[in-house]
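Student: Can you keep this structure in mind? I'll have questions shortly.
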Number of protein chains: 4
Amino acid sequence: MARYDFASDNVAGAMPEVLAALGRFSCGFEPSYGDDSVTARAADLIRGLLDVDAEVWFAGTGTAGNALTVAALAAPHEAILAHEHSHLATDETGAPGLFGAGVGITGLPGGAGRIDPAALLRALDQGDSSHHQSPAALSLTQGTEFGAVYAEAAMAALIAPAKAKGLAVHLDGARLANAVAAGFDPKAVGRLGVDVVVLGGTKAGSTPTEAIVLIDKSLGRRFGARLKHGGQLTSKARFLAAPWIGMLETGAWSSRAAHANAMAKRLAAAMPFPITHPVEANGVFVSMDEPTLRRLHQAGWAVYRFIDGSVRFMCSWATTSEAVDQLASDLAQLA
Amino acid sequence: MARYDFASDNVAGAMPEVLAALGRFSCGFEPSYGDDSVTARAADLIRGLLDVDAEVWFAGTGTAGNALTVAALAAPHEAILAHEHSHLATDETGAPGLFGAGVGITGLPGGAGRIDPAALLRALDQGDSSHHQSPAALSLTQGTEFGAVYAEAAMAALIAPAKAKGLAVHLDGARLANAVAAGFDPKAVGRLGVDVVVLGGTKAGSTPTEAIVLIDKSLGRRFGARLKHGGQLTSKARFLAAPWIGMLETGAWSSRAAHANAMAKRLAAAMPFPITHPVEANGVFVSMDEPTLRRLHQAGWAVYRFIDGSVRFMCSWATTSEAVDQLASDLAQLA
Amino acid sequence: MARYDFASDNVAGAMPEVLAALGRFSCGFEPSYGDDSVTARAADLIRGLLDVDAEVWFAGTGTAGNALTVAALAAPHEAILAHEHSHLATDETGAPGLFGAGVGITGLPGGAGRIDPAALLRALDQGDSSHHQSPAALSLTQGTEFGAVYAEAAMAALIAPAKAKGLAVHLDGARLANAVAAGFDPKAVGRLGVDVVVLGGTKAGSTPTEAIVLIDKSLGRRFGARLKHGGQLTSKARFLAAPWIGMLETGAWSSRAAHANAMAKRLAAAMPFPITHPVEANGVFVSMDEPTLRRLHQAGWAVYRFIDGSVRFMCSWATTSEAVDQLASDLAQLA
Amino acid sequence: MARYDFASDNVAGAMPEVLAALGRFSCGFEPSYGDDSVTARAADLIRGLLDVDAEVWFAGTGTAGNALTVAALAAPHEAILAHEHSHLATDETGAPGLFGAGVGITGLPGGAGRIDPAALLRALDQGDSSHHQSPAALSLTQGTEFGAVYAEAAMAALIAPAKAKGLAVHLDGARLANAVAAGFDPKAVGRLGVDVVVLGGTKAGSTPTEAIVLIDKSLGRRFGARLKHGGQLTSKARFLAAPWIGMLETGAWSSRAAHANAMAKRLAAAMPFPITHPVEANGVFVSMDEPTLRRLHQAGWAVYRFIDGSVRFMCSWATTSEAVDQLASDLAQLA
């Protein structure tokens, strides 16, 4: 029987604060499709967290949240610039192309999932042609797919030239809680000129919910209809909103991310294999050959070789220090 | 402060059996994206309910469940035959067209949301041409949008000619629980030759979840990828599956629908306005002029004029007999 | 062997002026994809015809021209208002839904293919909701599908309220030549505030070519890429442009449409069946029962019952007065 | 004033055989949308050329022909395997994603535009997952984008493993005439198990027309509707068909391609820069630094640096030996 603890940060259940909020806000009758008081309250909390005057909606998956919003930022014959290993570019099974009627994703290189500023400049400097999809938006991921966290200045250095070329800016914040727990100021999002944030609830420890934060409020025009058109307007909307009240009123959204980050640091400290990316959030990436990975699997640990060839260990709100120590001990046997 | 009790069957929260299951199955680590034991168990229960050897997946909204599955049954240059007042035809904000790359919906008439068999035959007899979208599938809704329930024979009389013409059959079962509570045998679905059922959890009293039941298992090919492409593959899949365990192991899925239906009968019995459709499930539709509807709103009842001009009152698992009696009393004042 | 003369205005070949231009502009090497001198010259002529400072592109079919441009005017979760019997609404096999990722078409009634202003006002007054596709553009057809021609004032009476509500205006000008020959001033298009015209070449007597006239030049942003994305950026673009030089420099575009209109008037004057729509352009629509239509077919005339139940007779640049007289004589036998 | 002779094979006009056929088949009335005798005759000639019992349609651009047909071979959540530098992968501005609702293109490496068999095997051996688009079809290009021609055995070595895995096979034959002129047997297409060929007319020397040859006739179901849905069903279909009669009855389709190939060989023989790909068809690719390319442009020759970094010289039916010699002489000055 395999242990999935470190396979991903979505193998955990929901934190108690979320389950409590689901029960609490299940009572009574509420208007549907987002006109309810629970949604309003959660939206207020999210505006407060990011210190933005934004329109806030909720989606059931990050894939949908990202695909729907990038499709709102680019015409179908345009493209989104994103890290070549971003979830958007590699792990959505073509969803942006569905929601965006064939919209393009142009991958950019960069270490640890952070886009290389020089590569961005080169992409921005390419002239338009009718024969390729020119960029209309830049998508950033904070924290990155490789457990790194952009410093605010590093993010600004990417956003500024993109904005100067007229591109909109999308932030995939599936792990923004981990970035915030690592020191990234959530209020920077507005300051930096991000137009849309897809704010992660699920990986932070919720039942499925992602918040779509439309900082550029012009994107909000008929957004409810856009969501329904995309199969994402939930009738009992309160159940996508309530978890946010549970996570944000208690501070658990970031405090439990801090725990996840700490577990990753603990694992990194004991890691006998070469670490391939800076451990700044809740993931540890290592270099491991195939026979060793097989033996790790045989030892019962379900972990995966990731897109860059590293083996990935993810921690979550539910990761225990006992599990970390057990894993570290097993790894030590294999090293 | 308006009372939404009768505005829809999605204004209620989640039944206790569902909330309990969410808590119960939140514990521990599970593989994500549907490879978990909770999903497997819920799928087994659904196969048992319908007595079919089907592939079962879950979606977060009925809109997505319907749009994704009809898109799997028809090519983009083909059409789906559906009741002209079905949710698919009138209330999805074009979602089938997104998921189906412009797939068409051809509306058919018929009383109380049931398709008129003669109208279906006429549609099936139209020859193909390159200038319109010929039908590739038939979509039925059980119970209908107007609170009626197809008898098994009536459904068979629609499915047989459609199948004879090579059409696939889709069943929008958003309110199948209410139909079952009204006497429709859920095991008829397989007997009748339905290819896909989108089985309603949400309106039955769950947190958001709909089951996609692929009775024609050839439709299951790479369906996980189809879901992810459509933004519907939930990472923490257990939370879409657990409610089904809560509802089906306890029998609450149909027993609470029976309650909703009984509340509709109670309201119908006391209704002082002309009833416009047979009250066979959980809705009561009446004829009411605009000034009277306004006064009903002023009395605090949030109810809506529906697509056919009737005013609609919906009951749910959470509707109380006290609320029904209060509403009936207020209506008596207005009649 | 059936005679197709009156089956449509697309059963004719190309007028001599077009064939001559194809030969003339085939010589020599030219940049491809619209950067050629032939395209530039044709675009100038079209700007002159309509007296607009527009960006001009060419498409191979009217379906593509219309579908691509309405998709540029509305988001996928929005809709286009169009006459319920317009080509866009009834005869494109769902193409707008493909190019517009599920964009909706909302049909409006009105006699002879002209939209009823009161129906338009009602549609414009409907409030937004997340559950249906609200209108983002109005599409007009000049001349209409039923052989009628909008007076400039009648068109203004539709455009003004649409513009006041923020809608863009699309003109399907597949038969604009016939409308112009009937007295409609082509320069009215700009005055009226139309944003996009799809100007018909094919039905006017060309080899396949339609001009996309972007009067709102902001729509021109990356339009070449939009065309290529839509499969409509022709490499040897000169062959879609040259016919326009042949038709516009000689005046044949409208003078040959005047001939087609005159042939329709000649047929109407001799028509022994009740005429169902005003004969203002190149079509004659009559009331005819099914047995009579069958006998007409047996007499060798390929004509069709149209969407409104009328039988349609279309004239073109190639229709001869002998053919009209022969048809009229055969019809007299059947009446 | 730049000379475009060698910029592409689409900078030439139409060969005399095509212009003659346009004039010849423009006469008289014909049914529209492909039901005409001209279309039937051209389709017969194409079936004869390839020795296949196929359904044949015509499209106005290669982009549309390719995008429409690959969309018919793969579900939206699946992918097409194609050479990483194929037109489909790099030069369609996302058209396959539009027609295929987000269908994926997976690029494979290989010299001179020919797919490396080992790379294909690796791609075929990747297991399915819900998180990426698994391949449903293989697209080959004959002749390749880099002027090479697959031998029949080389093509068979790619098709066999793809077929064994259940993939369909698409052939982009934009330059099939050049491949045939280079010795590739057009009748091999059927023997090899290709399911769909998009047969190039335009680059062969026609006005815009590409033939869609559905060798797997099950793909032909409602294909006229598919074309109209895609904006590609031309009303005056005869004008896309007539050029094929002109080219195939005279043999000009391949004999003029042989001329183009000979011009490329003549240029290659005199080429003072390193040739980067085998010169097997009508293109010559060379290594040239940026300052030299600039001087070549200043000398008046419009040629382009291609996707692999080579500078590309294309010959066509209209290329003259005088032009080749002039270019060679100018190149000699720069070398």
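Any read-out appearing in this document is the output of simple, stated calculations on the displayed coordinates, not a laboratory observation. From a predicted model like this one, the values you see are computed outputs, not experimental measurements. Counting neighbours? That spans all protein chains shown, and the Cβs are built from the backbone with ideal geometry, glycine included.
Student: My understanding is that a pair violates if its Cα-Cα distance is over 23 Å; which of C:LYS163/C:LYS217; A:LYS228/B:LYS203; C:LYS203/D:LYS228; A:LYS217/C:LYS228; B:LYS203/B:LYS236 do that in this structure?
Tutor: Violating the 23 Å limit, Cα to Cα: A:LYS217/C:LYS228.
Student: For region C:27-153, evaluate the Debye formula with one uniform point scatterer on each Cα (no solvent term) and list log10 I(q)/I(0) at q = 0.11, 0.19 Å⁻¹, rounded to two decimals.
Tutor: -0.48, -1.12
Student: While we're looking at this one, here's another question. Could you compute the net charge surrounding A:ASP51? Neighbours are other residues with a C-beta less than 11 Å from the C-beta of A:ASP51; K and R count +1, D and E count -1.
Tutor: That works out to +1.
Student: Considering only C-alpha atoms, what is the centroid distance from region B:201-272 to region B:17-71, in Å?
Tutor: Region B:201-272 and region B:17-71 have Cα centres spaced 9 Å from each other.
Student: Under a 10 Å cutoff between Cα atoms, tell me which one of D:THR207, D:THR319, D:THR250 has the largest fluctuation in the Gaussian network model of chain D.
Tutor: The residue with the greatest mean-square fluctuation here is D:THR250.
Student: Something else: Mind listing the long-range amide H neighbours of C:GLU78? Cut-off is under 5 Å, sequence gap 5 or more, other chains count too, H placed in the peptide plane at 1.01 Å from N.
Tutor: C:GLY104
Student: Follow-up. Give me the inter-chain shielding for B:125-138: mean count of other chain Cβ atoms within 10 Å, whole number please.
Tutor: The mean count of partner-chain Cβ atoms within 10 Å per residue comes to 4.
Student: Now for a separate question. Which residue fluctuates most in the GNM of chain A (Cα springs below 10 Å): A:GLY60, A:GLY23, A:GLY48?
Tutor: Most flexible of the set in this elastic network: A:GLY23.
Student: Compare D:PHE273, D:PHE239, D:PHE184 in a GNM of chain D, Cα atoms joined below 10 Å, and give the one with the largest fluctuation.
Tutor: So, out of D:PHE273, D:PHE239, D:PHE184, the one fluctuating most is D:PHE273.
Student: Could I ask something else about it? If each of D:ARG294 and A:ARG294 carries a label point 7 Å out from its Cα toward its Cβ, how far apart are those two points in nm?
Tutor: 5.6
Student: Then there's this: Along region A:134-144, what does the Karplus equation 6.51 cos²θ - 1.76 cosθ + 1.60 (θ = phi - 60°) give for ³J(HN,Hα), rounded to whole Hz, x for Gly and Pro?
Tutor: For region A:134-144, the Karplus curve yields 6, x, 10, 7, 10, 10, 10, 10, 9, x, 6 Hz.
Student: Suppose the Debye formula is applied to equal point scatterers at every Cα of the protein assembly as shown; what is log10 I(q)/I(0) at q = 0.09 Å⁻¹?
Tutor: Per q value, in the given order, log10 I(q)/I(0) is -1.23.
Student: So what is the diffusion coefficient of region B:105-192 in µm² per second by Stokes-Einstein at 25 °C and 0.890 mPa s, using a Kirkwood Rh over Cα pairs?
Tutor: 181
Student: Right, another one. Any chance you could list the semi-axes, whole Å, largest first, of the equivalent ellipsoid that the Cα gyration tensor gives for region D:228-284, using √(5λ)?
Tutor: That gives 35, 16, 7 Å for the three semi-axes.
Student: Then there is this: Just counting partner chain Cβ atoms within 10 Å, what average do the residues of peptide B:62-68 show around their Cβ?
Tutor: Across the residues of B:62-68, the mean count of other-chain Cβ atoms within 10 Å is 4.
Student: Rounded to a whole number of µm²/s, how large is the Stokes-Einstein D of region B:1-97 at 10 °C and 1.306 mPa s, given Rh as the Kirkwood radius over C-alpha pairs?
Tutor: Calculated translational D: 94 µm²/s.
Student: Decide, for region B:160-260, between rounded, prolate and oblate: order the square roots of the alpha carbon gyration tensor eigenvalues as a ≥ b ≥ c, take rounded if a/c falls under 1.5, and otherwise choose prolate if a/b is larger than b/c, else oblate.
Tutor: oblate
Student: Averaged over its residues, how many other protein chain Cβ atoms are within 10 Å of peptide D:86-93's Cβ atoms?
Tutor: Partner Cβ neighbours, averaged per residue: 5.
Student: Got the C:GLY309 label distances to the other copies yet, label 7 Å along Cα→Cβ, in nm, shortest first?
Tutor: Label-point separations across copies, in nm and ascending: 2.0, 7.2, 7.4.
Student: I would also like to ask the following. Let me check the size of region A:101-143 from its C-alpha atoms; what are the radius of gyration and Dmax in Å?
Tutor: Spelled out, the Cα radius of gyration and Dmax of region A:101-143 are 11.5, 34 Å.
Student: About the Cα centre, and with charges only on the beta carbon of Lys, Arg (+1) and Asp, Glu (-1), how big is the dipole of region A:1-64? Nearest 20 debye, please.
Tutor: 280
Student: On each of the three principal axes of the Cα atoms of region C:189-248, give max minus min coordinate, whole Å, ordered largest first.
Tutor: Ordered largest first, region C:189-248 gives principal extents of 29, 28, 16 Å.
Student: What is the distance, in nm, between label points placed 7 Å from the Cα along the Cα-to-Cβ direction at D:LYS165 and at C:HIS131?
Tutor: In this crude spin-label approximation the distance works out to 4.7 nm.
Student: Which chain D residue hugs the D-A rotation axis most tightly by its Cβ, and what is that distance in angstrom, to the nearest whole number?
Tutor: Spelled out, residue of D and its Cβ distance from the axis onto A: D:GLY97, 2.
Student: Once the convex hull of the alpha carbons of chain A is built, what does its volume come to per residue, in cubic angstrom?
Tutor: Here the figure is 129 Å³ per residue.
Student: Based solely on its DSSP helices, what 222 nm [θ] is calculated for chain B when runs of n ≥ 4 H residues each add -39,500 (n - 2.57) and the sum is averaged over all residues, nearest 500 deg cm²/dmol?
Tutor: Using -39500 (n - 2.57) per qualifying helix, the result is -12000 deg cm²/dmol.
Student: Every other copy gets compared here: list the nm distances from the C:LYS217 label point (7 Å along Cα to Cβ) to its counterparts, shortest first, one decimal.
Tutor: 3.2, 5.4, 6.3
Student: Hey, what does the equivalent ellipsoid look like for region B:258-335, semi-axes from the Cα gyration tensor as sqrt of 5 times each eigenvalue, largest first, whole Å?
Tutor: 18, 14, 11
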